[in-house]
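What follows is a single structure, written as structure tokens, with notes after it.
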Amino acid sequence: MSNSQQKPLNIVAVSGGLNNPSKTEALVQAILDELGEATPINVHFIKFSEIGQLMGGAIYRNQLPQRVQDDLAAVEAADALIVGTPVYRASFTGLFKHFFDFVEQTALVDVPVLLAASGGSERHALVLEHQLRPLFSFFQAQTLPIGVYATDKDFTPEYTIHSELLRDRITLAVARALPILEWAPAKGIRAEVVKEKTQLANQSLGINKQIEQAEVLPSAAVPSLDAAESRLHQKTTQKITKKTQVA
């Protein structure tokens, strides 16, 4: 199927960079550009340089401005996420965490997430593994195999990418992501499935509210885990039967 015939992926990009211009925004945009060359995408780009001051001290989602609520709804309905953050004090920013504290915690199950970060030196490169990956593991999202980390020296003074090595890492990350992105997402169907979750979150979700959840959360993107498990058990049973017959 050609690119023109494929249904576009609904990609939500999040940049936690608070400045404008921003190295993190430039990094996330470069990943979007590379992905857009490979497969059709629709993009909703959330920039903390624009919404950071809007979040303030809200502790309930319904205290947030409508623009931020709409951004949260977009995250919950995405086929896949591209998430980037600058590194502050060896981690993501407080506002970045504050934003994801308001994401409905069952909405991202099995959603592919490509991780990215920018920092002052290579010493912070493991922020992808030690900070970002655990955050999205909490949501039971599917963090993609390769993330992208960039340092200050990868950018020009105008905050554009000049490092060919960084561009190669972006290409590799997107290449490894494509098989997962083109198989896993429901390509728009999730938007309908999670709509009720978003509405309930807008009404009552607070960052200090205790929420009970099942040990395995239901996915909006793939067949039920029960169905998959029954297929595995069936194969196991068939193998045992064949071994018994041979014996």
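Assorted remarks:
- Given (1) in contact (Cβ under 8 Å) with a residue 40 or more places away in the chain; (2) surrounded by 23 or more Cβ atoms within 10 Å (Cβ to Cβ); (3) in contact with a Phe, Trp or Tyr (Cβ under 7 Å, 6 or more places away or on another chain); (4) not charged (D, E, K, R), number of the condition residue 18 does not satisfy: (2)
- Helices (runs of 4 or more DSSP H) within the stretch 138-247 that include 1 or more residues under 25 Å from residue 71 (Cα atoms) and at pLDDT below 90: 164-183, 189-193, 195-204
- Filter pass, residue 112 being over 16 Å from residue 13 (Cβ atoms) and either touching a strand residue (DSSP E or B) at 6+ places or on another chain (Cβ under 9 Å) or surrounded by fewer than 22 Cβ atoms within 10 Å (Cβ to Cβ) (or both): no
- Top-ranked residue in the stretch 26-48 [being of a type outside the set (A, V, I, L, M, F, W, C) and touching a helix residue (DSSP H, G or I) at 6+ places or on another chain (Cβ under 7 Å); ranked as nearest to residue 165 (Cα to Cα)]: 34
- Residue tally, condition under 18 Å from residue 96 (Cβ atoms) and either out of contact with any Lys or Arg (no Cβ under 6 Å at 6 or more places or on another chain) or surrounded by fewer than 21 Cβ atoms within 10 Å (Cβ to Cβ) (or both), over the stretch 130-182: 14
- Looking only at residues of the stretch 50-77 that are in contact with a helix residue (DSSP H, G or I) (Cβ under 7 Å, 6 or more places away or on another chain) and polar (S, T, N, Q), we find that the one that is surrounded by the fewest Cβ atoms within 10 Å (Cβ to Cβ) is 62.
- Failed condition for residue 25, given (1) touching a Leu at 6+ places or on another chain (Cβ under 9 Å); (2) part of a helix (DSSP H, G or I); (3) within 18 Å of residue 132 (Cβ to Cβ): (1)
- Verdict on residue 35 being in contact (Cβ under 8 Å) with a residue 60 or more places away in the chain and under 20 Å from residue 150 (Cβ atoms): yes
- Residues in the stretch 3-48 that are modelled with pLDDT of 90 or more and among the polar types (S, T, N, Q) were compared, and the one that is farthest from residue 71 (Cα to Cα) is 39.
- Qualifying residue in the stretch 83-99 (condition: buried (at least 17 other Cβ atoms within 10 Å of the Cβ), among the small types (Gly, Ala, Ser) and either at positive phi or not in a strand (DSSP E or B) (or both)): no
The values are calculated or read from the model by the stated rules, or taken from the named source; none is laboratory data. This is a predicted model, so every value here is computed, not measured. A quick note on method: Cβ atoms are made from the backbone with ideal geometry, for glycine too, and the neighbour counts reach across all protein chains shown.
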